[in-house]
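Only the coordinates and a few stated rules stand behind these numbers; no lab work does. Keep in mind that this is a model prediction, so the values were computed, not measured. Here the Cβ positions follow ideal geometry from the backbone for every residue, glycine too, while neighbour counts run over all protein chains shown.
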Amino acid sequence: MKPSSMQYIEELVIRYPELEKVKKNIIDALNMLIQMYSSPCYGKLLVCGNGGSAADSLHIVGELMKSFKISRPLSQDLQQSLRKFEHGRELSEKLQMPLTAMALVCETGLNTAFGNDVDPVYEFAQQVLGYGRKEDILLCISTSGNSENIVCAAEVALVKGIKVIALTGSKGGKLKNLANVCIAVPEVETFKVQELHLPIYHALCLAVENEIFRVGE
C-alpha cells in the first residue's frame, strides 16, 4: 500500500480516536478493496443497506464511480476511440475513470416486483445472485448487524465465492460471523453508529482512489 493511501486511515483515527479499536479491520477492508480494483480480473463493489444505510450505499457509489479528490482521466487509447464519434471530444474530456460500484437499493422496479411477487426480505439476495461474481466484494451496512435482508445477501455472496465486508455497530450481530472483515464501530445507538460509518467509508474511498489513480509514488 502507498504511504499516502495509509495516511487517510491514520488521519481518520486521529480525528475519531474511538476508531482505533477497529483500525486493523478498516485496513483489512481497504486491502481487500485495493486488491479487487487492482486485479487484472477487476471486480465491482456491491453495496446494500436499509434506511440511512441505504443512503450511505448511494453515497459510497457516488464517491467511487467518479473522481473524489484525484483526477481520473481516461486512457489515451480510450480517448482516441471516443473521438471518432460526434460527441467524442466532449466525452473524452468530461468522462472520468470509475471504480465500479453498484448500490443494490436503486433497483426500484426489480425490488418492488420481487417484494410483491416473492418476499421483500430476499430482494438484495436476488440481486447478489444475479449481479455478483467471484471477483466482486459485497459491502453490507447494518447498524445492528442483524438486518435480515442484509444477512440473506451476505449468505448468497459467500455461496458464490464473493468476499463480504460488514459495517456494523459494536456487537456486529449475525454479520460478524458471515463477513470476511467486520468493521464493528464502538457504538450501539443507530444514529451514533451511522455517524461513525460515514468517515470510515469516506476514508476507504479516498484511500482506494489514491492507490489506483495517484501516479509518481
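One residue stands out in the stretch 101-117 among those that are over 20 Å from Cys140 (Cα atoms) and of a type in the set (Gly, Ala, Ser): the one that is farthest from the chain's Cα centre (by Cα), namely Ala113.
Of Lys174, Lys163, all but one fail to be in contact (Cβ under 8 Å) with a residue 12 or more places away in the chain, more than 22 Å from Val61 (Cα to Cα) and not aromatic (Phe, Trp, Tyr); the exception is Lys174. Scanning the stretch 82-120 for residues that are out of contact with any Phe, Trp or Tyr (no Cβ under 9 Å at 6 or more places or on another chain), assigned to a helix (DSSP H, G or I) and surrounded by 14 or more Cβ atoms within 10 Å (Cβ to Cβ) turns up Leu82, Gly88, Ser92, Leu110.
Of all the residues in the stretch 14-41, those that are within 13 Å of Cys182 (Cα to Cα), charged (D, E, K, R) and touching a residue at least 40 places away in the same chain (Cβ under 8 Å) number 2. Could you tell me which residue of the stretch 157-173 is farthest from Leu46 (Cα to Cα), considering only residues that are of a type in the set (Val, Ile, Thr) and buried (at least 21 other Cβ atoms within 10 Å of the Cβ)? For the stretch 157-173, the residue satisfying everything is Thr168.
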